[in-house]
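Novice: The structure is given below, and queries will be raised subsequently.
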Amino acid sequence: MSTIGFDTLRPAQLRRFPLVFYTAGLRLQQGLAEYVKDPANPDQLVMLSHNPVFTLGRNATTADIHVTPEFCEEQGVEIQATDRGGEVTYHGPGQIVVYPICNLVGGRQDVGRLVRGLEEAMIRTGSDFGVVADRLKGAPGIWVDTAKYRKGGGLEKLGAVGLHLSRWITTHGIAFNVEPNLAHFGWITPCGFTDKGVCSLRSLLEAAAPAFETAADRLQQHLCECLGLELQPSRTSSQSVNALTWRRGPDGPEVLMMLRVPSHGFWWQSVTGMMEPGESFEETAHRELMEETGLTGKLTPLFLQHTFWVDSSIIHFPDPEPRFNTETCFHMEVPYDLPVNLFLEEHSEFKWCGFKEAYDLMRWEGSRAALRLLQKELEKH
């Protein structure tokens with residue numbers, strides 16, 4: 001067991017998700033932080049990737065972002081303020097983000113040791129693939145002298161650290177660059193440094209770089225070693241579908257929006273539903289469409305799957321263990337003249353909306369992302 005980080009074992013549950021939208025990740029952290037306040041509950045380690053987003057720490061200013069909000073929106077990059085330390089950084093596909101949601105009460109009240117453990121795990125991961133990284137005084141994270149790998153290189157950050165601590169409960173964490181779009185870092189002053197760059201395993205090793213999941217496997221192992229985590233079983237995510245339902249109206253595409261009854265949340269949405277045992281995603285989508293609206297149509301995948309924490313204040317569970325759900329997104333074109341037969345126990349009203357109105361009505365990040373994908377798809381034709 002390493003003495004770089006914590007050397008006393010603490011029970012923990014670990015989960016890995018391919019995609020969590022950033023604002024959903026903030027809610028996820030808040031929910032898990034509340035859970036680990038009880039020292040009888042295990043720490044929570046979540047490994048994931050985010051949608052493209054610039055995040056501003058407590059010391060950041062908007063001047064650290066060198067492009068306009070309109071440009072960011074066109075490029076599909078969000079801008080979000082956070083309560084972590086540090087300045088501005090970037091998260092996106094190809095980057096492993098890790099949130100160690102830990103209760104440090106009980107002999108582990110040493111944030112410096114936690115940070116060193118996180119850095120050491122990233123250093124060891126880089127070393128597994130032949131990349132030499134190290135700490136830099138006054139600059140949290142891990143750094144690589146890229147002159148050893150390419151002509152004209154210098155100090156570049158391979159992994160970032162940014163934590164928030166409240167009553168010895170940690171949130172936020174690290175970001176380790178496997179193969180993100182490094183051009184996005186050029187649109188900001190990353191972590192406040194104007195004289196240093198950002199690198200990735202891909203930029204350093206090129207074709208010899210490991211696959212994303214291979215790097216994640218190694219980072220997971222080193223995190224458990226360096227943080228003194230003893231992994232416990234955890235409940236697997238439930239599965240659901242989102243079937244954006246639309247028709248060709250006289251003024252363009254119209255999206256079906258339904259208002260959930262108060263006992264089911266009281267927000268607007270398109271067709272969603274939980275998978276039943278033995279069903280495929282497509283079978284679930286068709287069944288839910290028929291049950292909720294009486295509609296049938298042509299189902300097309302949107303190639304979007306994302307995971308979110310299930311808020312226990314909205315859906316009540318018999319025990320406090322955190323729940324997660326993974327949603328797979330489709331769109332469904334239906335004939336214009338088919339009537340909607342609403343299932344009134346779940347939805348009280350419906351309307352057909354243009355894209356802007358539908359987007360404004362939607363509450364959740366995944367539904368909005370699916371709607372943007374649908375709009376782009378239809379604009380091609």
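Rule-based calculations on the coordinates, nothing more; no lab input. Bear in mind the structure is a predicted one, so any value in this text is a computation, not a measurement. In this analysis, Cβ positions are derived from the backbone assuming ideal geometry, glycine residues included, and neighbour counts consider all displayed protein chains.
Novice: Ser237: net charge of surrounding residues, Cβ under 11 Å, Lys/Arg +1, Asp/Glu -1, itself excluded? Walk me through the numbers before you get to the answer.
Specialist: On the way: positive: Arg15, Arg16, Arg235, Arg323; negative: Glu327.
Once positives and negatives cancel, what remains is +3.
Novice: I want to check the label-to-label distance for Glu230 and Arg287. Put each point 7 Å from Cα in the C-beta direction and report it in nm to one decimal.
Specialist: 4.1 nm
Novice: Within 10 Å, count the other beta carbons around each residue, average over each peptide in 203-210, 111-118, and list them highest first. Don't skip to the answer; put the middle values down first.
Specialist: On the way: 203-210: 15.2, 111-118: 19.2.
Result, highest mean Cβ count within 10 Å first: 111-118, 203-210.
Novice: Okay, next question. Taking the Cβ of Cys353 as the centre, find all other residues whose Cβ is under 9 Å away and add up their charges (Lys, Arg: +1; Asp, Glu: -1). Could the numbers behind the result be given before it?
Specialist: Details: positive: Lys351, Lys356; negative: Glu254, Glu357, Asp360.
Here the charged neighbours net out to -1.
Novice: May I pose another question? 222 nm [θ] for the chain, helices only, -39500 (n - 2.57) per DSSP H run of 4+, per residue, to 500? Each step should come with its number before you reach the end.
Specialist: Details: 8 runs with 96 residues, N = 381.
The per-residue figure over the chain is -8000 deg cm²/dmol.
Novice: Mind listing the phi-derived Karplus ³J(HN,Hα) values for the range 97-104, rounded to whole Hz, using 6.51, -1.76 and 1.60 with θ = phi - 60°, and x for any glycine or proline?
Specialist: 9, 10, 10, x, 9, 10, 9, 8
Novice: Of Val261, Asn242, Gly186, which is farthest on the positive side of the dipole of the range 162-268, counting Cα position, with +1 on Lys and Arg Cβ, -1 on Asp and Glu Cβ, and the Cα centre as origin?
Specialist: Highest projection toward the positive end goes to Val261.
Novice: I would also like to ask the following. Counting only residues 5 or more places away or on other chains, whose amide H sits under 5 Å from the amide H of Thr245 once H atoms are built in the peptide plane?
Specialist: Residues meeting the amide H criterion: Leu256, Val271, Met332.
Novice: Can you give the translational diffusion coefficient of the chain in µm²/s, computed by Stokes-Einstein from the Kirkwood radius over Cα pairs at 37 °C and 0.692 mPa s?
Specialist: Answer from the Stokes-Einstein relation: 147 µm²/s.
Novice: Relative to the Cα centre, what is the charge dipole magnitude of the chain, using +1 at the beta carbon of each Lys and Arg, -1 at the beta carbon of each Asp and Glu, and rounding to the nearest 20 debye?
Specialist: On the way: 35 positive and 48 negative charges, 248 e Å.
Result for the chain is approximately 1180 debye, rounded to the nearest 20.
Novice: What FRET efficiency comes out for Arg248 versus Gln221 if R0 is 45 angstrom and r is the Cβ-Cβ distance? Round to the nearest 0.05. Mind dumping the intermediate values first?
Specialist: Details: r = 52 Å, r/R0 = 1.15.
With a Förster radius of 45 Å, E is 0.30.
Novice: Here's another thing I want to ask about it. In nanometres, what is the gap between the two model label sites at Glu379 and Ser166, each 7 Å from Cα along Cα-to-Cβ?
Specialist: A separation of 3.7 nm, rounded to one decimal place.
Novice: Moving on to the next point. Express in nm, to one decimal, how much length is gained between Ala211 and Leu9 on full extension, taking 0.36 nm for each residue of separation and deducting their alpha carbon distance. Numbers along the way, then the final one.
Specialist: Numbers: separation 202, 0.36 × 202 = 72.72 nm, distance 2.98 nm.
Full extension from Ala211 to Leu9 adds 69.7 nm.
Novice: In the chain, what % of DSSP beta bridges are antiparallel (nearest 5)?
Specialist: Numbers: 55 of 79 bridges.
In the chain, DSSP labels about 70 percent of beta bridges as antiparallel.
Novice: I want to verify a result. In a Gaussian network model of the chain, Cα cutoff 10 Å, which of these has the top mean-square fluctuation: Arg84, Arg150, Arg15?
Specialist: Arg150
Novice: How tilted is helix 22-36 with respect to the longest principal axis of the chain? Cα atoms for both, answer in degrees (0 to 90, nearest 10).
Specialist: Relative to the chain, helix 22-36 is tipped by roughly 70 degrees.
Novice: Pick out, from Gln232, Ser127, Trp364, the residue whose Cα sits farthest towards the positive end of the charge dipole of the chain, with +1 on the Cβ of Lys and Arg and -1 on the Cβ of Asp and Glu.
Specialist: In the chain, that residue is Ser127.
Novice: Shifting gears a bit: Could you tell me how many degrees, from 0 to 90 and to the nearest 10, lie between the Cα long axis of helix 281-293 and the main elongation axis, the longest principal axis, of the Cα atoms of the chain?
Specialist: 50 degrees
Novice: While we're looking at this one, here's another question. With each pseudo-label sitting 7 Å past Cα toward Cβ, what's the Leu136-Arg368 distance in nm, one decimal?
Specialist: 3.4 nm
Novice: By per-residue mean of other Cβ atoms within 10 Å, what is the highest-first order of 100-106, 137-143? The partial results should precede the final answer.
Specialist: Working: 100-106: 20.3, 137-143: 17.0.
Ranking, from highest mean packing down: 100-106, 137-143.
Novice: Would you tally the net charge around Thr194, using a Cβ to Cβ cut-off of less than 14 Å, leaving Thr194 out, and scoring K and R as +1, D and E as -1?
Specialist: On the way: positive: Lys157, Lys196; negative: Asp64, Glu87, Glu156, Asp195.
Residues near Thr194 contribute -2 overall.
Novice: What FRET efficiency comes out for the pair Leu342/Thr300, r = Cβ-Cβ distance, R0 = 25 Å, nearest 0.05?
Specialist: The pair Leu342/Thr300 has a calculated efficiency of 0.60.
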